[in-house]
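The values are calculated or read from the model by the stated rules, or taken from the named source; none is laboratory data. What you see is a predicted model; the values in this text were computed from it and never measured. Positions of Cβ are generated from backbone atoms using ideal geometry, with glycine treated the same way; all protein chains shown enter the neighbour counts. Only protein heavy atoms, including side chains, enter the accessible area calculation; ligands, DNA and RNA are left aside. Shrake-Rupley method; radii C 1.70, N 1.55, O 1.52, S 1.80 Å.
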Amino acid sequence: MNRSPRRRVLAATLSATAAVLAAAGTVLITAGSADAATTLGASAAATGRYFGTAVAAYKLSDSVYSTILDREFNMVTPENEMKWDATEPSQNSFSYSSADQIVSHAQSHNMRIRGHALAWHSQQPGWVQSLSGTALRNAMLNHITNVATHYKGKIYSWDVVNEAFADGTSGARRSSNLQNTGNDWIEAAFKAARAADPAAKLCYNDYNTDGVNAKSTAVYNMVKDFKARGVPIDCVGFQSHINSASPVPSDYQANLQRFADLGVDVQITELDIAGSGTAQANTYATVVRACLAVARCNGLTVWGIRDSDSWRSGDTPLLFDNNGNKKAAYTSALDALNAGQPTTPPTTPPTTTPTTPPTTPPTTPPTTPPTGAGCSATVSLNQWTGGFVATIRVTAGSAAINGWTAGLTLPSGAAVTNTWNATASGSSGAVSFTNVSYNGKVNAGQYTEFGFQGTGVGPSGTPTCTAR
């Protein structure tokens, strides 16, 4: 199959043995209740998270592929279609057709979208590789501005910078043409992304950072510095390419937590686990449970759907086999999601804007479930000059609900421009939002979340909620 390669070098070989993988996992979890959700996206949504996958545009016409995608996932990441070589093959001449196809598919199925990746030392078009210094820096900033502007309001989170730190114990930056433009290139990239798409979360993404080590600590120190100086950064992505020589570290969860404690979200962005059978299944459960245990872990993305779709297909690292059948790893991941209790992951998008900081601080929804049957709703708002993002949490009462509708009234002049994880009715004044297929059922005391972006001033009142 003709496939664009992911050109990276892992620190370890990609061979796998079940014995080592088993050491990283535990016994499989069983589902927490008879009412447990039956798909990955629905189960993750019940905890306020997403479960996503990498998508290749040319595979959307494969009925097995697209059926699994539409049934199981509520987040997509374009595998190669948003990278520099795909979106700007000639300088200042942009090509979005393949990426637009994925975005359109995701929007039509109420899926969120992760943008991947705006600035990376690899998969650069030839013309970029001939530049250096100021010319390269300006080309990078122009690229980020154009791509992020094209998708403004459609992207949940951007991998603004990808894999900028070296492997090994030095904790140094990776030697690259982008690094050679000056040590502030990452900071400049994030500022450009914020200016172009202020509603999106802005992430730094890397591999071999799953545990506390020299590389992850270097990233940690960069994030800490950015937060202290007001450089816009909202999240850190952990690729989590797991194999026998690089198993899930014992401090995986603790490492996610220490980043979350800096005030950023954490996301598992390119998960694949080499192996098969029980050992692989247990390792998937371990990773899922780690995310569920960290309140600021927004969700997980597996890097492909079927084993045959993987960039490392010989390691059979995904949740579905070559024919699209569910593997033991799928069952363990789903059971781990269903066994997890809802937490209160912060869902406020960006914490800074390029010119004017949010005028309305995020409102943290209450964590105490409502009493009685039915449902209640709360709103968390991120406001900047001229626009806002609202995240609505729908919480079931003392009995499970099978569907919901949330309503609120927008201030005069405000309008809804984009909605995710719900179907909107109306765009101004009194508007209502109804569940989509994967998040209508909410168990007693649990919650799901949806969001929308708007222009003007965001709503301040408490939303209404009607259960079905």
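What length, rounded to one decimal in nm, is gained on full extension from residue 104 through to residue 61, with 0.36 nm per residue of separation minus their alpha-carbon distance? It would help to have the intermediate numbers written out before the result.
On the way: separation 43, 0.36 × 43 = 15.48 nm, distance 1.37 nm.
Fully extending the segment from residue 104 to residue 61 adds 14.1 nm.
Which parts of the stretch 433-468 would a label at residue 385 reach, counting a residue when its backbone N lies under 20 Å from a point 7 Å out along Cα-to-Cβ?
Those under the cut-off are 454-459.
What number of lysine-lysine pairs in the stretch 154-313 show an alpha-carbon separation below 19 angstrom, given a sequence spacing of 8 or more or placement on distinct chains?
Counting lysine pairs in the stretch 154-313 gives 9.
In whole angstrom, how far apart do the alpha carbon centroids of the stretch 211-234 and the stretch 269-301 sit?
23 Å
Largest first, how would 448, 169 line up by accessible area (1.4 Å probe)? Could you put the intermediate results ahead of the total?
Details: 448 0, 169 130 Å².
So, going from the largest accessible area down, we get 169, 448.
Count charges around residue 217 for me, please; just the other residues with Cβ under 13 Å from its Cβ, Lys/Arg as +1, Asp/Glu as -1. Display every interim value, and only then the final one.
Working: positive: 215, 224, 258; negative: 206, 210, 225, 251.
Charge balance near residue 217 sits at -1.
Using 0.36 nm per residue, how much length does the chain from residue 326 to residue 138 gain when fully extended, once their Cα-Cα distance is taken away? Intermediate results must be reported in sequence, preceding the final value.
Values: separation 188, 0.36 × 188 = 67.68 nm, distance 4.65 nm.
Gain on stretching residue 326 to residue 138: 63.0 nm.
Need the full-extension length gain, residue 214 to residue 173, defined as separation in residues times 0.36 nm minus the C-alpha distance. One decimal, nm. Let's see the in-between values first.
On the way: separation 41, 0.36 × 41 = 14.76 nm, distance 1.13 nm.
Contour length minus Cα-Cα distance gives 13.6 nm.
Which value, in debye to the nearest 20, gives the size of the charge dipole of the stretch 207-302 about its Cα centre, when Lys and Arg are +1 and Asp and Glu are -1 at the Cβ?
Charge dipole of the stretch 207-302: 220 debye, to the nearest 20.
Leaving out ligands, DNA and RNA but keeping every protein chain, what accessible area does residue 185 have, in Å² rounded to the nearest 10, with a 1.4 Å probe?
Ignoring ligands and nucleic acids, residue 185 comes out at about 10 Å².
Reachable lysines from residue 327, Cα under 27 Å, same-chain residues fewer than 8 places away excluded?
Excluding near neighbours in sequence, the set is 59, 441.
Hey, can you grab everything whose amide H is under 5 Å from the amide H of residue 265? Only 5+ residues off in sequence or another chain; H modelled, so Pro and N-termini drop out.
Correct list: 235, 236.
Using θ = phi - 60° and the Karplus curve 6.51 cos²θ - 1.76 cosθ + 1.60, what whole-Hz ³J(HN,Hα) does each residue of the stretch 234-239 get, with Gly and Pro shown as x?
Running phi through 6.51 cos²θ - 1.76 cosθ + 1.60 with θ = phi - 60° gives 10, 7, 10, x, 10, 5 Hz.
So how exposed is residue 437, as accessible area in Å² (1.4 Å probe, rounded to 10)?
Residue 437 has an accessible surface of roughly 120 Å² with all protein chains in place.
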